[in-house]
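These notes are about the structure you will find just below.
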């Protein structure tokens, strides 16, 4: 302040600053042609910014600098994209090329080529065109189809450890306590321990033989029902066989102790569970369409069935735990065996209450009809 500064215009039309330092941080000057100029400068750079638009050269220079910076950013983005694509292609090449696949549509993939029925016929037709090993995209889920004995042996036997884990569908996660059962648990140490418990304690030859009298009694009743029904007309043997299987496995798993719940109610609930496990949710194929399961009522159906099953199993567990005697008492059914393992432990591997409920649910659900595990 108090120091006067002058600005002159050179023949090219650019203002020139005085050479005598120090300069003020900012000052406003009036040129001979009436143009007001604000000077902003530091000890290194000096810039003259006109107040009016009479001088367009500075504006053109600023626009050019902005364009150059935009082009530089675009070039860097292009180079980074090229590097990413090259690295990804090399990584995919190291994994090996995927199996041949029929042309897929956006979003739905190859679902339109499967149709609604006779999927085995359509898969056979695709195998004729693309070979015994080909890839299908079921929405966002890739699936490999194997149709030759040699490849089936390689997948199911030679490389069994790589393919033995099943997908965990939405219905199984919601009803089987987060897939903690033996059927849907991923392959690993926990699955091996569950399988060992099932083989040694639940499905061993000694345990199966202990239910011989039960099977004989139920088979005799089965024959009597066929004989009685034949006197009146045709007999639906399929329904009778399903009923026989359901009764035998139900009594082997629970005995006659269902916590005061009507056996007919239990059969209905297990049938509902089996139907749910055979249902493919929309979110299993299109994860981003998770809301469709809520809109169609599937989520509510899963929650309702899971709550009812848990209530029945808790009552059954309470009755079995209350009727247990000393530790040396003979085990009468599969649930008693699971409770013994739950209480005593099994060579370092302990079952918790949720594991017991998930295992008994899977054993019991096999009595109604086959479960589609895809």
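For the stretch 115-123, check the following and say yes or no: at least one residue is touching a strand residue (DSSP E or B) at 6+ places or on another chain (Cβ under 9 Å) and either more than 17 Å from residue 279 (Cα to Cα) or in a loop (DSSP other than H, G, I, E, B) (or both). Scanning the stretch 115-123 turns up at least one residue that is touching a strand residue (DSSP E or B) at 6+ places or on another chain (Cβ under 9 Å) and either more than 17 Å from residue 279 (Cα to Cα) or in a loop (DSSP other than H, G, I, E, B) (or both).
Which residue, of 115, 188, 178, is modelled with pLDDT under 90 and outside the structural domain of residue 283 (by TED's automatic domain parsing)?
Details: 188 fails: outside the structural domain of residue 283 (by TED's automatic domain parsing); 178 fails: outside the structural domain of residue 283 (by TED's automatic domain parsing).
Of the residues listed, the single one that is modelled with pLDDT under 90 and outside the structural domain of residue 283 (by TED's automatic domain parsing) is 115.
Pull up the stretch 145-177, narrow it to residues that are outside any helix (DSSP H, G or I) and in contact (Cβ under 8 Å) with a residue 60 or more places away in the chain, then point me to the one that is surrounded by the most Cβ atoms within 10 Å (Cβ to Cβ). Per the stated criteria, the residue is 176.
Annotation note: of 305, 316, the sole residue that is assigned to a helix (DSSP H, G or I), surrounded by 12 or more Cβ atoms within 10 Å (Cβ to Cβ) and modelled with pLDDT of 90 or more is 305. Entry remark, the stretch 199-226: residues being surrounded by 12 or more Cβ atoms within 10 Å (Cβ to Cβ) and under 20 Å from residue 341 (Cα atoms) number 9 in total. When restricted to residues that are outside any helix (DSSP H, G or I) and closer than 22 Å to residue 287 by Cα, the stretch 102-114 contains 9. What residue, of 264, 278, 322, 297, is within 22 Å of the chain's Cα centre (by Cα) and free of Cβ contacts under 8 Å to residues at least 24 places away in the same chain? Checking each option against the conditions leaves just 297.
Which of the following residues is modelled with pLDDT of 75 or more, within 30 Å of residue 151 (Cβ to Cβ) and surrounded by fewer than 10 Cβ atoms within 10 Å (Cβ to Cβ): 140, 97? Steps first, answer last, please.
On the way: 140 fails: surrounded by fewer than 10 Cβ atoms within 10 Å (Cβ to Cβ).
Matching residue, one of 140, 97: 97.
Only a single item in (1) surrounded by fewer than 19 Cβ atoms within 10 Å (Cβ to Cβ); (2) modelled with pLDDT of 85 or more is not met by residue 273, and it is number (1).
The values are calculated or read from the model by the stated rules, or taken from the named source; none is laboratory data. In this text the structure is predicted, and so the values were computed from the model without any measurement. All Cβ positions, even for glycine, are placed from backbone atoms using ideal geometry, and neighbour counts span all protein chains on display.
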